[in-house]
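The values are calculated or read from the model by the stated rules, or taken from the named source; none is laboratory data. All values derive from a computational prediction rather than experimental measurement. So basically every Cβ, Gly included, is an ideal-geometry build from the backbone, and we count neighbours across all protein chains shown. Note: areas computed on protein heavy atoms with side chains; ligands, DNA, RNA excluded. Shrake-Rupley method; radii C 1.70, N 1.55, O 1.52, S 1.80 Å.
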Amino acid sequence: MAKLMAVQPQHHPPSSISLLPSSFSDFNGSRLHACVQYKRKVGQPKGALRVTASSNKKILIMGGTRFIGVFLSRLLVKEGHQVTLFTRGKAPITQQLPGESDKDFADFSSKILHLKGDRKDFDFVKSSLAAEGFDVVYDINGREADEVAPILDALPNLEQFIYCSSAGVYLKSDYLPHCETDAVDPKSRHKGKLETESLLASRDVNWTSVRPVYIYGPLNYNPVEEWFFHRLKAGRPIPIPNSGTQITQLGHVKDLATAFIQVLGNEKASKQVFNISGEKYVTFEGLAKACAKAAGFPEPEIIHYNPKEFDFGKKKAFPFRDQHFFASVDKAKSVLGWKPEFDLVEGLADSYNLDFGRGTFRKAADFTTDDMILGKSLVLQS
């Protein structure tokens, strides 16, 4: 029988930016539609990660060592919950955050428990979780419904299952922003998350699903803001597909973690889906300029290109889907009383100052596709 293990600490100039509010009338021939209107509540002031009062729970986080879980687990521990991370044990169970004191890190590490295993080993999942009897499960890294069913089977008295889904489940539409009641795409690359939501809805379990759009912030393992920072640091032009007026949306990881806390034990969150992201939308060009402003770089040169004119092979030339993609967060603001702390430039500055600006990043710079684009651009100009 698996045993819970205590964790040992391991030390380790202004520009014009196209930021679009969360409600406006029309763009590029596509129509905006209003989601169900929720009464907005006043948000809390900016500051450090905050916690809310609730009864202490025995909580399991599936995953929790990479990005979202790093911030979520700290909030849960600060709130007094007993937190166990279920991982394969291939990465350190805790890592010291930039700016985190040795004392705070040691205190956090001393309270985190670890259950080592493979979530695809369904028999192990059932036996180990049944033996522990957790009150709440946060599933941060679940991708398929068959990975969730054994967890539910093992914990018949589970009080709440909180799932990290994705706004990528929505069916592509000309009517935006995406709302929680919009049509979904059963063929999307996130279909496993959609099937998981359907499984949860079909079972006798209290569940909540959170659908982030693009997530950014310190320790981000997806090349979102990092992609721009690499090019800004190198003083290179930033290649952006087509017009650059495509509208997208980013949400800070700390704001996402706070939303995960606010659904915990919240009756209003029972069997509900919530979009979570930033309050404003931004164009691709606006995002490039926002990254420069946040990190203190000059406004970048932007090169536009037609992706259809290139064969990039398996390489990804741009980190965002080449379309309008954003969602309303009004439901979370009204029902949960949640409100993001960070605007886009503030959030990007937080990410840069606590991560890339310190010389840390997940992926080394690769300008292969940039050079293909720039080479063709130079030929056309000559």
Suppose the filter is surrounded by fewer than 19 Cβ atoms within 10 Å (Cβ to Cβ), part of a loop (DSSP other than H, G, I, E, B) and not basic (Lys, Arg); does SER198 pass it? no
Quick one: in segment 162-195, which of the residues that are open to solvent by 30 Å² or more (accessible area, probe 1.4 Å) and of a type in the set (S, T, N, Q) is nearest to ARG321 (Cα to Cα)? SER173
Any residue in segment 219-226 that is open to solvent by 40 Å² or more (accessible area, probe 1.4 Å) and modelled with pLDDT of 95 or more? no
Search segment 145-193 for residues being among the acidic types (Asp, Glu) and in a loop (DSSP other than H, G, I, E, B), and hand back the single one that is nearest to PHE134 (Cα to Cα). GLU159
Contact list, first residue from segment 79-90 and over 18 Å from GLY133 (Cα atoms), second anywhere and open to solvent by less than 40 Å² (accessible area, probe 1.4 Å) and in a strand (DSSP E or B), beta-carbon distance below 9 Å, six or more apart or interchain, is GLY89/HIS114
Conditions (1) in contact with a strand residue (DSSP E or B) (Cβ under 8 Å, 6 or more places away or on another chain); (2) open to solvent by 10 Å² or more (accessible area, probe 1.4 Å); (3) not polar (S, T, N, Q) -> ALA294 fails only (1)
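Of the residues GLN82, GLN96, which single one is crowded, with 17+ Cβ neighbours inside 10 Å and in contact with a helix residue (DSSP H, G or I) (Cβ under 6 Å, 6 or more places away or on another chain)?
GLN96
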Identify the residue in segment 228-257 that is in contact with a helix residue (DSSP H, G or I) (Cβ under 7 Å, 6 or more places away or on another chain) and closer than 30 Å to GLU79 by Cβ and, among all such residues, is most open to solvent (accessible area, probe 1.4 Å). LYS254
Scope segment 121-135; condition closer than 13 Å to PHE86 by Cα and either open to solvent by less than 50 Å² (accessible area, probe 1.4 Å) or within 23 Å of the chain's Cα centre (by Cα) (or both); matching residues: PHE124, VAL125, SER128, LEU129, GLU132, PHE134
